[in-house]
Structure formats: C-alpha cells, structure tokens
Amino acid sequence: MPIRTFYSPNHAAHNPPFEFLHGRNVPFFEMPRRVDMLRAGLDSAALATFESPPLTIPRDLLAQAHDPAMLAYFEQLSADVFDKVRTDFSIYHMADTVSGDVYYYESVFPKRGRADTPGRKFYIYDSTSPVGAGTWDAALHSANLAYHGAQALLNGERAAYALCRPPGHHAGRDFMGGYCYLNNAAIAAYALLPRGAVAVLDIDYHHGNGTQDILWDEPNVLFTSLHADPNVDYPYYCGYADERGAHNNTLNVPLPHGTNSAAYLTALEAALARIRAFEPTALVVSLGFDTFKDDPIASFKLDVADYTRIGRAITQVGLPTLYVQEGGYAVERLGDMAAAFFSGVLG
Ligand code: Q9C
Ligand code: ZN
C-alpha cells in the first residue's frame, strides 16, 4: 500500500533568491525544486499517492501553536512586502531600484521585548527566513498539509506524509527563523492531542528549537530530537541534552559532526525506546534529509540505504505516524532518499 501524501502546489510561490553567509550571497538552499524531487522520487517508485486538500486548517489550531500577534504580523508583512522593502530602500535613497518579486530579509534581531516599535515587531530571529508576497500563502498551505495528514490518522490511517514546504521546526510560539514560519509538526501534534498523548520525533539534522519551544509545557506531548551538537551547528543556542522540558517531556540527543550510520541508528533506538515508554496514541516525525552525507549545509554521514533502516525502525514502534517534511538540501538526491525511507516505512 502506497503512503497517502498531502501535497500543495502553492509552495512554489515562496522562492527567495539567495541567503547571506558572512557578507556573501549563497543559493537559497530551501528551494521549490526540493518538493518536485521528493514527489518525483516517490512517484516513480510507486510508493505514494498524492492529494491536494482544500485549505481548511482552523485558525484556532494555528493559534494553539503560535502567538496570534505573530500570525497577524506575518500575514500582513507578506501582503505589504513591496511597500515595506521600498520604505527601507527609500531611507537609503534607492526606492526606485525596488521592483519585481521582492523579499523582506530581517536584519535587526533585538532582545525580546526591548524594541516593540509599531511596524517593527521583530518576530523573525535570523536572516534565513525571508518573507515575500507568496510566503504567507505557501506557509499556510504547508501547515494545512500537516493538518490534513493528522486528520487522516484520526480517521484511521496508519501512516501519512505531509510534503510540507516551507518547513516548520525552527518556528516557535512567537518566532520565525531557519527557513521556517509556521510549525507544521507542532500544529499536527495539537490536531492529534484531543485523542490522547502524542510523541514527536525530530530527525532533521538541525535541532527543532521551534517545536521544543511550543511543546515545552505540554505534559501530554513528548518531544524527542536527534541533531547536530548545538555547540558546533545551527541553531547554537538550543538543543543541549540538559534541556528536558517542563514535565521531563523533552529528549535532546546532540550528535557530533561526522556522525555515521552505526552511531546514528544507536541514538535513534534510544529515542524510540523513550517514545515507547511514553505510550503515546500517535507519532509525528519531523523528517529531514539533511543528515545525508552529501548535504551541502550539514555534516553527518548517512547514506541512502540508511533511510530504509530508519523508516523501518520507526514503523516497528507500531504507532499511527504522520511524517512531516522538514529539511534536506542535496536536492538532486532527495527523491532517492524519500523512496528509500518510505520503502522502509511501508515494509
Ligand atoms: N550562518 C532546516 O533544515 N543556517 N533549516 C543558518 C547561519 C540555517 C535549516 C546559517 C539552517 C536552517 C529546516
Ligand atoms: Zn535541517
């Protein structure tokens, strides 16, 4: 049986031209082609069926995961982005150079609560989450896929895949960053929570600081994450092993650069044991493929075949499971990774 996959074409209108790295422009690695490759890989292996659900995500579900003021700010910024960017360029006497599909790149990151200036709300904490005219719509549709994936589990499906883009796990209650705007995995967890306890397993290369933030004080949600040691990789400030949640409901497993398959699979088994002991009714997997050995922005050493082992190990926990797409930037290989992973999931 192929996996039910929730897909939206609206992601493509979020397409920032580049990101910054120490004064240089580098490609925006979180690009639309990622979704095309993931879809094509599953399609050609006949591992998935695709459906584009109507936009029916409830506003109050969004507001369970995010500060409504952040949601309002984000939606308005996306709607007004041309004028906002033009205003900033007019300060530089360059207003007439602004044209086309412009993106607002945040460049001032004050400490919380010290600069709540009208029109400058500072919900974006780094420069890797630019906002364009299509960003709100893309992020809303991305969250809607996670919502519909959760509904599929509630309706009895054993597994479903939300092919989300943009990703979500770096977005917290009132912050956006790291290519993320709305936290798709946390939104799915809240959609599943009325039925009983929920576990989240985050296997993106980067720590899910946003998901941890949102779920920190939820006693019926366990957040577990395998990720690059924050001493040496993004997001740096968060993801350490001593962060355990308000109810001992967070498990962080930081791993060194160069982590190979054997070490990774051992760490995965430890996280899965913790999930089993929690006895949840459902599992949400934040699925990143940036643990791949040739990922351009990451430093683990997993090979394509490892994703089959990872998928199999997660399936063996035996829980209704929603897979939510997060990162993965070796774009031309993403289809191979997704096919390997879901062949392990489907057995
Ligand atoms: N020098 C996800 O994989 N890199 N996000 C910042 C700063 C941000 C990755 C580098 C990487 C974010 C969903
Ligand atoms: Zn990542």
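Counting only Cβ charges, +1 for Lys and Arg and -1 for Asp and Glu, the dipole size of the stretch 1-149 around its Cα centre is about 320 debye. Residues of the stretch 1-37 falling in the label zone of Ala79, defined by backbone nitrogen less than 20 Å from a point 7 Å along Cα to beta-carbon, are 13-14. Along the axis of the charge dipole computed for the chain (Cβ charges of +1 for Lys and Arg, -1 for Asp and Glu, origin at the Cα centre), the listed residues Ala63, Gly210, Gly196 are led at the positive end by Gly196.
Within the chain, what's the longest run with no chymotrypsin sites (Phe, Trp or Tyr not before Pro) in a DSSP loop and at most 10 other beta-carbon atoms within 10 Å? Give the range, please. List each step's numbers first, then the result.
Numbers: sites that count: Tyr92, Tyr237.
In the chain, the maximal stretch lacking such sites is 93-236.
Note on Asp36 and Phe89: the model spin-label points, each 7 Å out from Cα along the C-beta direction, lie 2.7 nm apart. For the chain, the Cα-based Rg and Dmax, in that order, read 19.1, 61 Å. Which one of Met31, Met94, Met70 has the biggest mean-square fluctuation once the chain is modelled by GNM with Cα springs under 10 Å? Answer for the Gaussian network model of the chain: Met94. Taking a ≥ b ≥ c as the square roots of the eigenvalues of the Cα gyration tensor, the stretch 196-319 is classed as oblate, since a/c reaches at least 1.5 and a/b does not exceed b/c. Pick out which of Pro17, Pro194, Pro256 has the largest mean-square fluctuation in a Gaussian network model of the chain, springs linking Cα atoms closer than 10 Å. With Cα springs under 10 Å in the chain, the top fluctuation among Pro17, Pro194, Pro256 is at Pro194. Nearest 5 percent is fine: what portion of the DSSP beta bridges confined to the chain is antiparallel? DSSP beta bridges in the chain are roughly 20 percent antiparallel.
Rounded, prolate or oblate: which one fits the stretch 242-282, using the alpha carbon gyration tensor with axes a ≥ b ≥ c (rounded when a/c is under 1.5, else prolate when a/b beats b/c, else oblate)? The partial results should precede the final answer.
Values: a/c = 3.78, a/b = 1.51, b/c = 2.50.
Since a/c reaches 1.5 but b/c is at least a/b, the shape of the stretch 242-282 is classed as oblate.
Counting only DSSP H runs of at least 4 residues, each contributing -39500 (n - 2.57), and dividing by the residue count of the chain, the helix-based mean residue ellipticity at 222 nm comes to -11000 deg cm²/dmol. Charge dipole (Cα centre; +1 on Lys/Arg Cβ, -1 on Asp/Glu Cβ; no other charges) of the stretch 244-332 amounts to roughly 380 debye. Ranking Val81, Asn220, Phe342 by Cα position along the charge dipole of the chain, where only Lys, Arg, Asp and Glu carry charges on their C-beta atoms, puts Asn220 farthest toward the positive end.
Each label was represented as a point 7 Å from its Cα along the Cα-to-Cβ direction; for Asp67 and Asp101 these points are 3.0 nm apart.
Along its first, second and third principal axes, ordered by size, the stretch 1-66 spans 48, 37, 18 Å in Cα coordinates. About its Cα centre, the stretch 73-215 has a charge dipole of approximately 380 debye under the convention of +1 per Lys or Arg Cβ and -1 per Asp or Glu Cβ, with nothing else charged. Of all the stretches in the chain, which is the longest one without any exposed loop site, taking trypsin sites (Lys or Arg not before Pro) in a DSSP loop (any state but H, G, I, E, B) with at most 10 other Cβ atoms within 10 Å? Longest site-free region, per DSSP loop and neighbour criteria: 115-347. Enumerate the residues in the stretch 1-20 having an amide nitrogen under 11 Å from the point lying 7 Å beyond the Cα of Glu51 toward its Cβ. It comes to 4-7, nothing else. For the stretch 177-187, 3J(HN,Hα) computed residue by residue from phi via the Karplus equation (6.51, -1.76, 1.60; θ = phi - 60°) reads x, x, 6, 10, 10, 10, 8, 4, 5, 5, 4 Hz, glycine and proline entered as x.
Taken over the stretch 162-265, the alpha-carbon convex hull comes to 108 cubic angstrom per residue. So if R0 is 30 Å, what FRET efficiency would Tyr236 and Ala270 give, r being the distance between their Cβ atoms, rounded to the nearest 0.05? Computed FRET efficiency for Tyr236 and Ala270 comes out at 0.80. Farthest towards the positive end of the charge dipole of the chain, among the residues Tyr237, Pro166, Ala273, is the Cα of Ala273, using unit charges on the Cβ of Lys, Arg, Asp and Glu.
Throughout, read-outs are computed from the coordinates displayed, never taken from laboratory work. Treat the numbers as computed from the prediction; the structure is a model and nothing was measured. Because the Cβ atoms are built from the backbone with ideal geometry, glycine has one as well, and the counts that use them run over all protein chains shown.
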